[in-house]
Amino acid sequence: MPTEQDRQRGQTLDYKEAVLLTNPRNPELRGQVDDKYQFATEAKDSHVHGWISDELKAGLWMITPSNEFRNGGPIKQELTSHLGPTMLAIFMSDHYLGKAELKFGDGEYWKKVLGPVFVYLNRVNDDSADARSDLWEDAKAQMRTEVQKWPYSFPVSGDFAHADQRGSVTGRLLVRDRFAPEELTPANSAYIGVAPPGEPGSWQTEGKGYQFWTRTDADGNFNISNVREGDYNLYGWVPGFIGDYTNGSNLHISPGNEINLGDIVYEPPRDGPTLWEIGIPDRSAAEFFIPEPSPKYATKLSNAQSNSTDEGKFRQYGLWERYTELYPDNDLVYTVGVSDWRKDWFFAQVTRKNETDNSFEPTTWQVVFNLSEVVSGGTYKLRVAVAGATFANLQVRVNYPPTYRPLLETRMIGRDNAIARHGIHGEYKLYTADIPSYLLRPGSNTVYLYQNRNYGPFVGIMYDYLRLEAPTTAAPPPQKRFVETGVDPIVKLAILDHNVVMDNGFVRINLTKPDGLLSEIYYYNSSVNLLQLIEEDGGGYWDTVWLESNGSGQTGHRGIFDIIKGIEFVVIKQDENQIELSFKRTWDPSRGQGLVPLNIDKRFIMLSGSHGFYSYEILEHLQGWPAFAISEFRLALKLNRDK
C-alpha cells in the first residue's frame, strides 16, 4: 500500500484522489495509479471488507451485518477505503448519487441509530500456506455469523430495536407485461423493500429513515424481515423490466406485526410491441463495451479485473479517455441488426477531448434502424433508461439534425460522478420520447442522442437500456423476450484519567475519554498498534460532513467536516460477558461553530469471546434546533501503514 509520501511525490491525475506513483518507497508500485474509488462496492456486497498484514499474518475487518441504516438502497455504491490506508464504514453519503444530503428544517425532530458495525480481527499460524486466503475465508465466515445474529440482542440503548420490537412484510410479486407471452409472470430475483413513504424510486436519495430490502425467489415470493416500527412504502424493481414499482399506500409496521400482502402486480411502462432494444434493463451499463485500461494507467488491480468475467472490469482509472482514442473524429454510430451492443456501444457517452487546446466537445451518438412500414397517425415511444449521469443534458431527435427542436430534453441531470469514480451506475432515471409517425419513414431512420454539455472529461451519461415501441393498432401477438487457547474469557474494563481500555483477551482497544476516539487496537498479545495514531484525532473516529441551511431548504456549497468528540463518558453496561460504553456530545451553540446541530451518542461494545468490537451511533435533532443538511456520516479507522 503506498504511503502519503509516495502520493505526494507522485503525479496528480484528473482529480486529486488519483495519483500516478512515480517514485514510491516500494518499487513494485512504480507506475501504478493509487485511487480510492477502485475499492468501492455496492451496499448489498459490502458486508465485510478489510486489510491484511502479511508481517503479522493478521486481518482487520469491517463487518456490516445490516444495511438498514444506510442511505440509497441495496445497490448504492460506497467507498470501503480511503487514502492512508484508512478502512471505512460509511453510513450516509452522496457518493454515486449526487444531491443526497439529509436536510433538516428549523425545529424538525429527528433521531436515527447508525450501526452497530463489527470491527473484527483474526490471525493465522506462521505455518499457514496461504495466509491471505485463510484470513479472508475466516472473515467471510464471521460475517455470515454476524448477519445471522442481526438484529443484535446485546446493545443496551433503548433506541436500538431488538428482534421482538420488529415486524415483517411478505407476499409475492408478479409482472404483467401485455406484450409478453404470459399474462402474469413471477418476478424472479426482483429487488423489493420498504423505505419511508415517497414517490417511485425516492428510496435512491432517502437517508433520514431506515430501509429494509430483500430479493424474490424464482416464484416471486419475498419476506422482508426485522423491519423497525414505523410507516413505510413498498418499493421494488425487476431485472429485465424498466421502471420502478411502488404499492402507493403506507404500511405501518408495529412490533411483532406480520403483514402478508398476498399477490401484488407490477405493470412496467409499455405502450406497444418492441421494434428494437439496446442493452439489458438492469440499472447498470456493465453489459456494454468496457475498454481495456490505458497502459499508462494499468495497475495490478485493474489488470486482474480486466482478465475476469465479472463486473469489476469497469473499476479502472481513465476509461473515459479511451472514447477519444476510439472515436477521434466521429462519434459512435450503432446500426440495429448489425451492431452488437456488447462490442459497439461504449459504456458511457462522454465528451471528446481536443488534444490541441485540451478543451472538450459535446458528442452525438446515432442509432440507425429500418422500418418496413410506418403506422400513419400513430405515436412511437422511445424508452431511455439512464443508469447514471453527471451534469449532462440529453437531447433526443429523430431523422433531423441538432438544429431542430428535440423530442426529449432532460435538462441538466445527474451529480453522481460515477464515470470518474469507476462506478457503472448512479441514480436511475427513466425517460420517454414520443415520436409522431410523420417524423419516420419506411426504410432507414436515425435517432440522434445529443449530450450538449462539455464542461470536462467526466460530463456524460451511462445508459441502462433503450427500446423503441411501435404504436398499438390492434391486440398485439405475444412476443418472446429475450486459533484460540489460553484466553481469559472475561471482558475487562480499565478507566484511567484520560482514556478507557476494553480487553477480552483477544482484542484490546484504547479510547480517549471523554472524546471517544480510538487510539489503539491490539490483537492477542501483540505489541503492534494496528492504528496509525493521529495526535489530535486518534487513529479511529466517527465523523460527518454537514452543510448549514438558511431554513428554506437552501444549503451552503462547502461542507463542514466535524470529527465527533464526546463531552460525557458513561459506562452503560459492565459484566464479565459484555461492556458497553457511551461517549455523548450534546449540541450547544455556545461551544462554537463547526459542530453539527445534533445530540450524538457514540457507543462501543465488547463481548466475551469476540474477535473484535462493535460500534454504533445514536443521532437526535430536537425541535427548535436550526436547519442543516448531512452529506456524510462514517466510522474511519486510520490503519498502521507500516504493518
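Numbers for the structure displayed
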| read-out | value |
| --- | --- |
| Cα pair count fraction exceeding 22 Å, expressed as % - the range 128-221 | 57 |
| Calculated diffusion of the chain, Stokes-Einstein form, Kirkwood radius summed over Cα pairs, 37 °C and 0.692 mPa s, µm²/s | 122 |
| FRET efficiency for Y431 and E108, using Cβ-Cβ distance with R0 set to 35 Å, rounded to 0.05 | 0.60 |
| The chain - share of DSSP beta bridges that are antiparallel (%, nearest 5) | 95 |
| Gyration tensor over alpha-carbon atoms, the range 14-83, equivalent ellipsoid semi-axes in Å | 28, 18, 7 |
| With eigenvalues of the C-alpha gyration tensor scaled by 5 and rooted, the range 63-102, Å | 18, 14, 8 |
| Tail weight of P(r) past 23 Å, computed on alpha-carbon pairs of the range 102-258, percent | 53 |
| Charge-dipole axis of the chain as Lys and Arg at +1 and Asp and Glu at -1 on Cβ define it, positive-most pick from V375, V571, G158 | V375 |
| Cβ crowding within 10 Å averaged over residues, with 210-216, 406-412, 514-520 ranked highest first | 514-520, 210-216, 406-412 |
| Zone residues, the range 130-171, relative to D217, backbone N less than 19 Å from point 7 Å out along Cα-to-Cβ | 168-171 |
| Values of log10 I(q)/I(0), in the order q = 0.16, 0.20, 0.21 Å⁻¹, for the range 42-195 under a Debye, Cα-only, solvent-free model | -1.07, -1.33, -1.38 |
| Exposure of H252 as accessible area (Å², to 10), given a probe of 1.4 Å and all protein chains | 100 |
| Distant-in-sequence amide H partners of S631 (H built 1.01 Å from N, under 5 Å) | L102, V545, W546, L547 |
| Ratio of the Cα radius of gyration of the range 1-132 to 2.2 N^0.38 Å, where N counts its residues | 1.28 |
| Binned Cα-Cα distances of the range 1-41, short to long, each 5 Å bin given as a whole percent | 6, 29, 35, 20, 8, 2 |
| Kirkwood hydrodynamic radius of the range 419-467, Cα pairs, Å | 14.1 |
| Nearest-20 debye value, the chain charge dipole, Cβ charges on Lys, Arg, Asp, Glu | 1020 |
| Proximal lysines relative to K112, as straight alpha-carbon distance under 26 Å, when same-chain residues fewer than 8 apart are discounted | K44, K76, K99, K103, K149, K208, K513, K565, K573, K584, K602, K638 |
| Contact order relative to length of the range 10-60, as percent, for alpha carbon pairs under 8 angstrom and 6 or more apart | 21 |
| FRET efficiency, 1/(1 + (r/R0)^6) with R0 45 Å, evaluated for W276 and N250 via beta carbons | 0.65 |
| Relative packing of peptides 139-148, 389-398 - highest average C-beta neighbours within 10 Å first | 389-398, 139-148 |
| For the range 107-161, alpha-carbon Rg and Dmax in angstrom | 17.0, 61 |
| Percent of alpha-carbon pairs separated by more than 27 Å within the range 501-643 | 28 |
| Å³ per residue enclosed by the Cα convex hull of the range 496-544 | 87 |
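The values are calculated or read from the model by the stated rules, or taken from the named source; none is laboratory data. None of the values given here were measured: they were computed from a predicted structure. Using ideal geometry, Cβ is built from the backbone for each residue, glycine included, and neighbour counts are taken over all protein chains shown. Note: accessible area is taken over every heavy atom of the protein model, side chains too, but ligands, DNA and RNA are not part of it. Shrake-Rupley method; radii C 1.70, N 1.55, O 1.52, S 1.80 Å.
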